[in-house]
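Take a look at the structure set out below.
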Amino acid sequence: MKNFIDRLNKAFENRIRLGIMSALMVNASVDFLSLKDLLNVTDGNLASHITALEKMEYIAVKKEFVGKKTKTTYMATKLGKMEFNHHLKALEDMIRMSE
Amino acid sequence: MNQKSEHLQQISEIKSIMERSSCFISLSGLSGVFAGFCALAGAAAFYVYINQKIGYGYTELAGRFRVELDVDFFTFCFADAGITLFLAIAFGIFFTTRKAKADGLKIWDATALRFLINLFIPLATGGIFCLILLFHFGWFGIIPPCTLIFYGLSLLNASKYTLDEIRWLGISEIVLGLIGCLYIGYGVTLWAIGFGVLHIIYGLIMYIRYEAVPKEKKYW
């Protein structure tokens, strides 16, 4: 059992991070506002989790100008997708094991 | 085991977010049901008009390759189609907004936009194509099956961004449309089946699957 717990990625233990990654897995890119609406969190909360995922290089950030405003979009990196899939696999295995 | 239910919950959260962020899931089955009734009423009105005003039945009208452009007839056709479409869309917006509100979701977001764009590109192509057939070639009989085919293709295209049932509805419409091309005289009947009966059936299926049962508790 210990072995399985080790396989879970600590970075995805937090629900908001899990949510961010889930959305980025099925969309080429998602912007900040959409993520905020989707996860129903405050700006600051979302930003801090995004920064954490960015530091681990699980997500990439793209900033562009739309008129005068900046629009920030995020996408999952190859590493992020791989890690997330490992995490999912570990979750599934653990559920199966305890059946 | 407590830990197990925690993991199950995490998986269901992941699934829910993936669905909500990539698909337009607020589409209500009831909008399909009401759109279906509108289509049946529209087709019935057309049928009655044809039999009373034109003097010969639909089969003969559709069979003529060139229909004389009678202003009264086309005014009626466009008014009938316009009112039917308007009512169907109005019901669609009403029930879909209602469902989104009940689920605590936003009606207008990136998924809704993506769904509509992918629906309307083939749909508008089909609409323009039908107008060309009608006014350039005067071939009236081919219009009902053509609308079925293009509507089916539009649904098929947009189904990637919404509930799975739409894909099967699209395929059914395409099949009906192709049959209609072979049996031009049954155009209005097949149109009524495609836009009326199929909408009602699929709408009911979607309503029973997604709306009639109480939603599971939300975690977010």
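The values are calculated or read from the model by the stated rules, or taken from the named source; none is laboratory data. Remember, predicted model here, so these are calculated numbers, not experimental data. Cβ coordinates were reconstructed from backbone atoms using ideal geometry, including for glycine residues, and neighbour counts include every protein chain displayed. We work out accessible area using only protein heavy atoms, side chains counted, and drop any ligands, DNA or RNA first. Shrake-Rupley method; radii C 1.70, N 1.55, O 1.52, S 1.80 Å.
Observations, loosely collected:
- The number of residues in the range B:117-133 being among the hydrophobic types (A, V, I, L, M, F, W, C) and without any contact (Cβ under 8 Å) to a residue 24 or more places away in the chain comes to 8.
Okay, residues lined up against (1) under 26 Å from A:Asn40 (Cβ atoms); (2) touching an Asp or Glu at 6+ places or on another chain (Cβ under 8 Å); (3) in a helix (DSSP H, G or I):
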position: B:Ser5; (1), (2), (3): yes, no, yes
position: B:Leu8; (1), (2), (3): yes, no, yes
position: B:Ile11; (1), (2), (3): yes, yes, yes
position: B:Lys15; (1), (2), (3): yes, no, yes
position: B:Glu19; (1), (2), (3): yes, no, yes
position: B:Ser26; (1), (2), (3): yes, yes, no
position: B:Gly36; (1), (2), (3): no, no, yes
position: B:Leu40; (1), (2), (3): no, no, yes
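- Condition broken by B:Phe150, with the remaining ones in (1) over 19 Å from the mean Cα position of the chain (by Cα); (2) assigned to a helix (DSSP H, G or I) satisfied: (1)
- Residue match in the range A:74-85 (condition: more than 16 Å from the chain's Cα centre (by Cα), of a type in the set (Lys, Arg), within 14 Å of chain B (Cβ to nearest Cβ) and open to solvent by 40 Å² or more (accessible area, probe 1.4 Å)): no
- B:Phe73, sole failed condition from (1) in contact (Cβ under 8 Å) with a residue 24 or more places away in the chain; (2) away from chain A (no Cβ under 14 Å); (3) surrounded by fewer than 19 Cβ atoms within 10 Å (Cβ to Cβ): (1)
- Any hit, the range B:144-166, residues being open to solvent by 80 Å² or more (accessible area, probe 1.4 Å) and under 28 Å from B:Ser21 (Cβ atoms): yes
- If the condition is being in a helix (DSSP H, G or I) and surrounded by fewer than 14 Cβ atoms within 10 Å (Cβ to Cβ), then the range B:95-113 contributes B:Lys101, B:Ala102, B:Leu113.
- The set of residues in the range A:41-68 being of a type in the set (S, T, N, Q), within 14 Å of chain B (Cβ to nearest Cβ) and either within 19 Å of A:Met25 (Cβ to Cβ) or open to solvent by less than 70 Å² (accessible area, probe 1.4 Å) (or both) consists of A:Asn45 alone.
- Where a residue in the range B:92-107 is small (Gly, Ala, Ser) and its partner, wherever it lies, is part of a helix (DSSP H, G or I), with Cβ under 7 Å and at least six apart: B:Gly92/B:Ser31; B:Gly92/B:Ala35
- Across the range B:130-141, the number of residues qualifying as in a loop (DSSP other than H, G, I, E, B) and open to solvent by 20 Å² or more (accessible area, probe 1.4 Å) comes to 3.
- Subset of the range B:6-22 that is more than 7 Å from chain A (Cβ to nearest Cβ) and farther than 21 Å from A:Met75 by Cα - its residue that is modelled with the highest pLDDT: B:Ser12
- Among the residues making up the range A:19-34, those that are within 9 Å of chain B (Cβ to nearest Cβ) and either modelled with pLDDT under 90 or surrounded by fewer than 21 Cβ atoms within 10 Å (Cβ to Cβ) (or both) are A:Met25, A:Val26, A:Asn27, A:Asp31, A:Ser34.
- Per the conditions (1) in contact with a Leu (Cβ under 9 Å, 6 or more places away or on another chain); (2) under 21 Å from B:Phe137 (Cα atoms); (3) not in a helix (DSSP H, G or I), the sole criterion not satisfied by B:Arg66 is (1).
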